[in-house]
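Below you'll find the structure, written out as structure tokens, and then a few comments.
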Amino acid sequence: MLPRCLILLGAAAYAFGQNQHQLDLDSFEKVWITVRDKHWQTKPGGLDWQAIHAEYRPKVEKSASPAEARSVIQEMLGRLGQSHFAIIPAAIYSVVDDEEGGPGITGIDLRILDGQAIVTGVDEGSPAEKQGVRPGWQILRAGGKELKTIIDPARSNPAIHELQLTRAVAARLTGPIGGTVDAAFLDASDKTIDLKVNLIQPRGTLSAFGNLPAQHVWFEAKKLGSTAYIRFNMFLDLPRVMAGFQQTVENCKPCDGLIVDLRGNPGGIGGMAMGMAGFLVDKPNQRLGTMYMRDTTLNFVVNPRPEVLAAPVAVLVDGLSASTSEIFAGGLKDLNRGRVFGTHTAAAALPSAFERLPNGDGFQYALANYISQGGQPLEGLGVTPDVEISLTRTALLDGHDSVIDAALGWIRRQKTP
Amino acid sequence: MKRRVLNFALAALLSGIAGAFAADPLPSAESILDRYVQVTGGKQAYAKRKAEIAHSTVEFASLGIKGSMTRYAAEPDKYYTSMDIEGLGKVEMGINGPVAWENSALLGPRVKTGIERAEAIREGTMNSTANWRKLYPKVENQGIELVDGEECYKVVMTPAEGQPMVGYYQKKSGLQVKLTSVASTQMGEIPVELIASEYKDFGGILEPSKVTQKTGPQEFSITLDSVEVNPAIPPGRFDLPPDVRKLLEKAPTQ
């Protein structure tokens, strides 16, 4: 499951005409029932959940303010002693949630590096590229808003993760297709550049999967010298993405290694991690990990394909690599089949979801527990790369992706006797 | 079960209303399964069926995913199913003699082994309803339970290899309306519950036109649209796919 994005949730969840105290009580009930019905343990966190209700409901009834009610609900969730159960104050949403933008994009990929929004990639042929935007440029302002006013308060709030913050900032560079967005950049010589950037259709093919909103999915494969390189934005559009992965691996027989770049990839269909690993893992009866639900335990098994790649595999990740990306990267790392490069992943490897509560607060909860093959849960912990290395503005301005460079260097060293 | 029958008989004697209880002793599991064969068409109807092609639609309603399924079967041990599921691509499964295999766009080809293989072969057997004696050496009627408010006999069918299946047969109609089991899959043992309904005549045999299946946390429905009886099966339909053959060559002991 894709982690829900805060910016997708509108203010419609606010109920009109109800008093705040009742909304807080309704919110308490929704949180308590959700944990009761959806937690993977019948006794959530080993607790008598009914007794928890009896203990905390009177406290919410007595609460004198929304903040006090929130504090009680948060305290109740804290009793679980588990990650990814959190109440996000409604006020935080106003920081990251206003003005969703639209489907149109500029072609700019960005990350928050050292508290600054930095362009990390520009799509070939995109309006941004045509207007001269380059990797390494800092984005100062977008859609009439100083990005610093979004980034600074969010960074100081532990409830907002890198994934959410980056999406919130990226949303400032979106709008209606055919429209424009005003943005200000700091270029390589630290000169401020003001641009009106055109907005175009998102990259990739629109792909639907069940009740998920249709998503634009792209897949790219190329050679970096004698190393094959794969990048795709989501584990969706299964037939096309799996076929692209297979073809790249088959074409890689004479190459010296494979890089699978999952930076920015929020996940998608969990099974695709197993399917892709089958092209890389030759040993039978291996698994990437195990998912524990209330009634069922599912092993994420790997079926070795008839032809399996023997060359070294590097997997690139960052704080925006979530869910299926973490299952894939963590599993290959645990099986000693892939070396992971980049920064710590999003630690959102479970079917966790965000919902808005009747009082406007946000509620994040996990539905299952996933343990990677190495014995470590990915939820809340994520994947720590074998080689921790981050993009830097300086390197980007010099035309270098330091994470790819590190992976290529490692692959080349594998050839050295 | 025997104690329960004995108690009924004793009560009947003591009360002097034997007639009221005489109709109630639990029938044997064998008679329930034979009755199911009878009410769905009879042995003759099954014996006439040498091959079939069944066309179904599949729906994962809560996920908003639909698909189609075509199942080919021929006596004695040939079976092939192809599912096309929106967004997930093709999933194929087959049995050819002792080889049970699967191939999907998601996970690729594989050869089933152990209990999973035994279960696949059993479930792929042509006319498995009529051939229950060959498939389940031990059957037992464990009493009466309500399914959707209807009294049903609960029959536990134990195969030579694998976990028992529990079938629920309506006392009134003799039709099977529910089946529970634990499936052995490569991802683990998963509880499965099937609810069968809307029996219809497909070429002389009554079959449930709707089956709702709960497999772990997932629920989906299969609607049987049509069955071609004794059709010409396309040549090579049951052949092992090239990728499955490659796997067998790679690890012939599978």
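Residues in segment A:304-324 that are surrounded by fewer than 23 Cβ atoms within 10 Å (Cβ to Cβ) and at the interface with another protein chain (Cβ under 9 Å from one of its Cβ atoms): 3 in all.
Table: residues versus (1) in contact (Cβ under 8 Å) with a residue 24 or more places away in the chain; (2) within 30 Å of A:K38 (Cβ to Cβ); (3) within 14 Å of another protein chain (Cβ to nearest Cβ).
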position: B:T212; (1), (2), (3): no, yes, no
position: B:Q218; (1), (2), (3): yes, yes, yes
position: B:L224; (1), (2), (3): yes, no, no
position: B:V227; (1), (2), (3): yes, no, no
position: B:N230; (1), (2), (3): yes, no, no
position: B:I233; (1), (2), (3): yes, no, no
position: B:D239; (1), (2), (3): yes, no, no
position: B:R245; (1), (2), (3): no, no, yes
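Taking B:S197, is it within 14 Å of chain A (Cβ to nearest Cβ) and under 15 Å from the mean Cα position of the chain (by Cα)? No, not satisfied. In segment B:106-128, the residues that are among the hydroxyl-bearing types (S, T, Y) form Cβ pairs under 8 Å with partners that are surrounded by 20 or more Cβ atoms within 10 Å (Cβ to Cβ), at six or more places apart or across chains, as follows: B:T125/B:Y79; B:S128/B:R122. Restricting attention to segment A:245-270, the residues that are assigned to a helix (DSSP H, G or I) and within 12 Å of another protein chain (Cβ to nearest Cβ) add up to 3.
Tell me the strands (runs of 3 or more DSSP E) entirely within segment B:165-249 that contain at least 2 residues that are basic (K, R). Break it down stepwise before answering.
Values: elements: B:165-170, B:176-185, B:188-202, B:205-215, B:218-229.
Hits in segment B:165-249: B:205-215.
Within segment B:68-80, is there a residue that is free of Cβ contacts under 8 Å to residues at least 60 places away in the same chain and either farther than 20 Å from B:G236 by Cβ or within 11 Å of chain A (Cβ to nearest Cβ) (or both)? Yes, because at least one residue in segment B:68-80 is free of Cβ contacts under 8 Å to residues at least 60 places away in the same chain and either farther than 20 Å from B:G236 by Cβ or within 11 Å of chain A (Cβ to nearest Cβ) (or both).
Would a scan of segment B:36-48 turn up a residue that is away from chain A (no Cβ under 14 Å), among the basic types (K, R) and closer than 19 Å to B:L194 by Cβ?
No, because not a single residue in segment B:36-48 is away from chain A (no Cβ under 14 Å), among the basic types (K, R) and closer than 19 Å to B:L194 by Cβ.
Of all residues in segment A:328-365, exactly one satisfies the criterion of being at pLDDT below 85, surrounded by fewer than 24 Cβ atoms within 10 Å (Cβ to Cβ) and within 15 Å of A:G289 (Cβ to Cβ), namely A:P351.
The numbered conditions (1) in contact with a Phe, Trp or Tyr (Cβ under 7 Å, 6 or more places away or on another chain); (2) modelled with pLDDT under 95 are all true for B:Q254 except (1).
Being under 19 Å from A:Y229 (Cα atoms) and touching a residue at least 24 places away in the same chain (Cβ under 8 Å) is a description that does not apply to A:P358.
Take B:E102 and tell me if it is within 14 Å of chain A (Cβ to nearest Cβ) and either within 18 Å of B:L240 (Cα to Cα) or β-branched (V, I, T) (or both).
Working: within 14 Å of chain A (Cβ to nearest Cβ): yes; either within 18 Å of B:L240 (Cα to Cα) or β-branched (V, I, T) (or both): yes.
Judged against the criteria, B:E102 is a match.
Evaluating B:K48 against the criteria (1) touching a Gly at 6+ places or on another chain (Cβ under 9 Å); (2) buried (at least 16 other Cβ atoms within 10 Å of the Cβ) leaves one unmet condition, (2).
Taking segment A:271-280, which residues are within 11 Å of chain B (Cβ to nearest Cβ) and in a loop (DSSP other than H, G, I, E, B)?
Step one: filter segment A:271-280 for residues within 11 Å of chain B (Cβ to nearest Cβ), giving A:271-279.
A:G278, A:F279, listed by residue number.
Among the residues of segment A:281-298, those that are at the interface with chain B (Cβ under 7 Å from one of its Cβ atoms) and assigned to a strand (DSSP E or B) comprise A:T297, A:L298.
Working only within segment A:132-157, note down all residues that are buried (at least 17 other Cβ atoms within 10 Å of the Cβ) and closer than 19 Å to A:T192 by Cβ. Matches in segment A:132-157: A:V133, A:P135, A:G136, A:W137, A:Q138, A:I139, A:L140, A:R141, A:A142, A:L147, A:I150, A:I151. Which residues, counting only those in segment B:203-243, are hydroxyl-bearing (S, T, Y) and closer than 30 Å to A:P306 by Cα? Correct list: B:T215 only.
Residues in segment A:194-239 that are touching a Ser or Thr at 6+ places or on another chain (Cβ under 7 Å) and within 12 Å of chain B (Cβ to nearest Cβ) were compared, and the one that is nearest to B:G67 (Cα to Cα) is A:D237. The single condition among (1) over 30 Å from A:R36 (Cβ atoms); (2) assigned to a strand (DSSP E or B); (3) within 16 Å of the chain's Cα centre (by Cα) that A:Y365 does not meet is (1).
Among the residues in segment A:238-253, are any at positive phi and small (G, A, S)? Within segment A:238-253, not a single residue is at positive phi and small (G, A, S).
Annotation note: of B:G124, B:G162, B:G174, the sole residue that is modelled with pLDDT under 95 and in contact with a helix residue (DSSP H, G or I) (Cβ under 8 Å, 6 or more places away or on another chain) is B:G162. Selection over segment B:138-173 of residues that are under 16 Å from the mean Cα position of the chain (by Cα) and not hydrophobic (A, V, I, L, M, F, W, C) gives a count of 10.
Among the residues in segment A:333-347, are any part of a helix (DSSP H, G or I) and within 26 Å of A:Q247 (Cβ to Cβ)? For segment A:333-347, residues part of a helix (DSSP H, G or I) and within 26 Å of A:Q247 (Cβ to Cβ): present.
The values are calculated or read from the model by the stated rules, or taken from the named source; none is laboratory data. Quantities reported herein were computed from a predicted structural model and do not represent experimental measurements. For neighbour counting, all protein chains shown are included, and Cβ atoms are generated from backbone atoms with ideal geometry for every residue, glycine included.
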